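Chemist: One structure is given below, represented as structure tokens, and several questions about it will come after.
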């Protein structure tokens, strides 16, 4: 945590951080984001959903980090792979609810404890533009493919691309949230790295980036009319 955030209320850290990022998030959405963190903190006392417990650190590492990718999200269908405690999917669903009213966010995770939290969070926050699917990414067969598939859960870039590319529509994008890229990290299979965007996360030490990838081939047989939407 930087000295600039010492003795500053978490909601003010969020407001200042968004201003420094140049992101327009209305006051109502900011209040909803803080309500999400409050709910996460309460559940975290019983379930180990996140190792970050300090409220200001949660704003920086969870909210500001997640929202740094806002300019790169395409709609209307967004898939958060390995959503865990709802990151980045829930902050994105909240922040984009006004500017992208047709947005549909799917929070995908195979862990029952985490999906219980996600389901409760959506209910308590009144988020109607997001829903939870409990499933392994390899076994997920949506009826429609996604415009954006994002994750910050994968350590290896190639593992994310292998799992996520079949779920992305033609012309869509895979977005991998990463720390510093390892020198030899690559994507194979004909997939193309379109750009590596530095992410500005006020108060966070260390480099963060977003790897934007164009899948080589649309999902094809991973989309199925018999499967969950």
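Chemist: At residue 8 and residue 27, where each label point lies 7 Å from the Cα along Cα→Cβ, what is the point-to-point distance in nanometres?
Modeler: The two pseudo-label positions are separated by 1.9 nm.
Chemist: Extension gain residue 15-residue 207, at 0.36 nm per residue separation less the Cα-Cα distance, in nm? Don't jump to the answer; show the numbers that get you there.
Modeler: Values: separation 192, 0.36 × 192 = 69.12 nm, distance 2.15 nm.
Additional length available on full extension: 67.0 nm.
Chemist: Which of 91, 215, 101 moves the most in a Gaussian network model of the chain with Cα springs under 10 Å?
Modeler: 101
Chemist: Write down the radius of gyration of segment 1-113 and its Dmax, each obtained from C-alpha positions, in Å.
Modeler: That works out to 13.9, 40 Å for Rg and Dmax.
Chemist: Express as a percent, rounded to the nearest 5, the fraction of DSSP beta bridges in the chain (both residues included) that run antiparallel. Mind dumping the intermediate values first?
Modeler: Working: 11 of 29 bridges.
Among the beta bridges of the chain, antiparallel pairing accounts for roughly 40 percent.
Chemist: Taking the C-alpha atoms of segment 3-222, how large are the radius of gyration and the largest Cα-Cα span, Dmax, in Å?
Modeler: 16.6, 53
Chemist: Something else: Using 0.36 nm per residue of separation minus the Cα-Cα distance, give me the extension gain between residue 54 and residue 141 in nm, one decimal. Walk me through the numbers on the way to the answer.
Modeler: Values: separation 87, 0.36 × 87 = 31.32 nm, distance 3.74 nm.
Taking residue 54 through residue 141 to full extension adds about 27.6 nm, to one decimal.
Chemist: For every helix of n ≥ 4 consecutive DSSP H residues, a contribution of -39,500 (n - 2.57) applies; sum these over the chain, divide by its total residues, and give [θ] at 222 nm rounded to the nearest 500 deg cm²/dmol.
Modeler: Details: 6 runs with 63 residues, N = 229.
Per the formula, -8000 deg cm²/dmol.
Chemist: If you take the beta carbon distance between residue 158 and residue 110 as r and set R0 to 22 Å, what does 1/(1 + (r/R0)^6) give as a FRET efficiency, to the nearest 0.05? Walk me through the numbers before you get to the answer.
Modeler: Working: r = 20 Å, r/R0 = 0.91.
Once the sixth-power term is evaluated, E becomes 0.65.
Chemist: Sticking with this structure for a sec: Grab the beta carbon distance between residue 98 and residue 72, set R0 = 22 Å, and tell me the FRET efficiency rounded to 0.05.
Modeler: Details: r = 18 Å, r/R0 = 0.83.
The formula returns an efficiency of 0.75 here.
Chemist: Taking square-rooted eigenvalues a ≥ b ≥ c of the alpha carbon gyration tensor, is segment 3-60 rounded, prolate or oblate, where a/c under 1.5 means rounded and, failing that, a/b exceeding b/c means prolate? Show your work: numbers first, answer last.
Modeler: Details: a/c = 2.47, a/b = 1.51, b/c = 1.64.
Since a/c reaches 1.5 but b/c is at least a/b, the shape of segment 3-60 is classed as oblate.
Chemist: Hey, how many Å between the Cα centroid of segment 56-114 and the Cα centroid of segment 116-166?
Modeler: First find each Cα centre; the distance between them is then 9 Å.
Chemist: Cα-based Rg (one decimal) and Dmax (whole number) for segment 112-167, in Å?
Modeler: Gyration radius and largest Cα-Cα distance of segment 112-167: 12.9, 36 Å.
Every read-out reported here was derived from the displayed coordinates using simple, explicitly stated rules and does not represent laboratory data. This is a predicted model, so every value here is computed, not measured. Every residue, glycine as well, gets a Cβ built from its backbone with ideal geometry; the counts of neighbours run over all protein chains shown.
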